[in-house]
Each structure stands twice: as structure tokens, then as C-alpha cells.
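The values are calculated or read from the model by the stated rules, or taken from the named source; none is laboratory data. Please read these numbers as outputs of a predicted model, since none were measured by experiment. Using ideal geometry, Cβ is built from the backbone for each residue, glycine included, and neighbour counts are taken over all protein chains shown.
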Amino acid sequence: MKKVTRTLLSMMVISNLSFAGGDFTEAVEPVVTVPVVEVNDAGFYLGLGIAAVITYEEAGSFFDPELGQERTGDLALLAGYDFNKYIAIEARYMTTVAHDDILDRTFWAVYVKPQYPVTEDFNIYGLLGYGNYQLDGKNGSGIDIDENGFQWGLGASYEVVEDISIFIDYISIAKGVDVPLFINTNIDIDSDAVTIGMTYKF
């Protein structure tokens with residue numbers, strides 16, 4: 001009788017285990033794919049600025065208040081295209097809106113613009129290109145200068161809100177240009193500009 005009892009109990013245990021166990025499969029965690037969002041830094045931009053421009057005899061400097069120079073306030077218009085966050089091309093046009101005494105200025109140039117994002121919002125850049133500037137005499141000064149040549153500059157910009165940035169830069173417009181008449185006759189002149197403005201990127 002004891003053998004029969006033990007046999008029945010063993011069969012019941014095995015039966016319960018087989019029902020409870022079922023098929024065991026290893027749990028597989030779901031694969032989550034995170035989409036990669038690529039930031040497109042390419043795009044056109046337009047800008048507007050005010051430039052302090054000085055033309056001076058070569059012995060002077062931008063900050064020299066002595067004779068032999070003429071200062072103007074210019075309106076600056078610019079348009080460019082960012083190929084990526086490191087390189088752009090830019091065109092500028094400036095024209096005089098305020099002058100000291102003897103001349104008005106017209107200026108245009110096209111630049112290659114290498115740039116470097118220091119932070120997400122702050123950018124530094126260079127300007128390397130070719131341009132033309134014309135100096136037209138006022139008040140009987142007799143100045144009539146029309147020159148082309150290499151130009152370069154340095155600047156920085158800061159994105160204040162999305163797609164809108166403020167900038168400041170320096171451009172060397174001309175160096176050592178031999179002219180028949182400026183304030184004195186047969187002199188070499190330099191011209192520099194410091195521009196402050198705003199750009200909008202499309």
C-alpha cells in the first residue's frame with residue numbers, strides 16, 4: 001500500500017510540473033530605434049548694418065584724428081549663403097549716408113567667408129575677397145577715385161534668437177593705393193571700415 005501511495009504522489013507531482021512549466025522561452029527586449037536628426041546649416045541670409053569708414057593718408061591710422069583723413073558713416077547691405085557651418089560666401093554694398101567734408105563713398109565686394117562656431121550661438125569669421133570702391137569729391141575737393149583690389153576682414157556674430165544674429169567686423173578696404181589727389185596730391189591712401197549690424201537667415 002505504501003508503494004502504491006508513493007507512486008501516485010510521484011505521478012501527481014510530475015503531472016503538475018509538466019502543466020506549470022509549459023514552454024520556457026528567453027525574454028527578448030524590444031529594439032528601440034532613435035531617429036537621428038541632422039541639423040542643416042546651409043541657407044541664405046540677408047543683413048543690414050551701419051559702418052564707420054575712414055580713408056586716410058598711409059602714414060595715419062584708423063584712430064588717428066589728425067589731418068590727412070576723411071571719415072564717413074555708411075549704410076551696409078549684405079547677402080550671403082552658408083554652405084555649412086564652416087564656410088560661406090558673402091556680397092556687400094555700402095554707400096555714404098553721412099560725411100565729414102570732402103567726399104562720399106560707394107563700395108561693393110564679394111568674399112569667401114571661413115567661419116568657426118565657438119559655441120552654438122557665437123561665431124567668429126574671416127572675409128577674403130575682391131571689391132571696388134569709389135570716392136566722389138564734395139564741396140569742390142576734386143577727389144575722383146575708382147579702385148579695385150583685394151580686401152580682407154575679421155568679425156564675430158551672435159545669434160540672439162533663432163535665425164537672427166548681430167555682428168561686428170573690421171574690413172581692410174584698401175592699402176597703399178596711389179592717388180593723384182586726396183587731401184594732399186600724389187599720395188598713397190588706406191581705407192578701413194568697422195561695421196555693426198544684424199542678419200536674418202532663411
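Table for the structure above
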| item | result |
| --- | --- |
| Residue in the range 74-87 that is under 19 Å from ILE189 (Cα atoms) and modelled with pLDDT under 95 present | yes |
| Among (1) free of Cβ contacts under 8 Å to residues at least 40 places away in the same chain; (2) in contact with a Ser or Thr (Cβ under 8 Å, 6 or more places away or on another chain); (3) surrounded by 14 or more Cβ atoms within 10 Å (Cβ to Cβ); (4) of a type outside the set (Lys, Arg) - the single one GLY149 does not satisfy | (2) |
| Verdict on GLU159 being assigned to a strand (DSSP E or B), within 13 Å of the chain's Cα centre (by Cα), surrounded by 14 or more Cβ atoms within 10 Å (Cβ to Cβ) and among the acidic types (Asp, Glu) | yes |
| When residues of the range 113-156 are limited to those that are outside any strand (DSSP E or B) and not polar (S, T, N, Q), the one farthest from the chain's Cα centre (by Cα) | GLY140 |
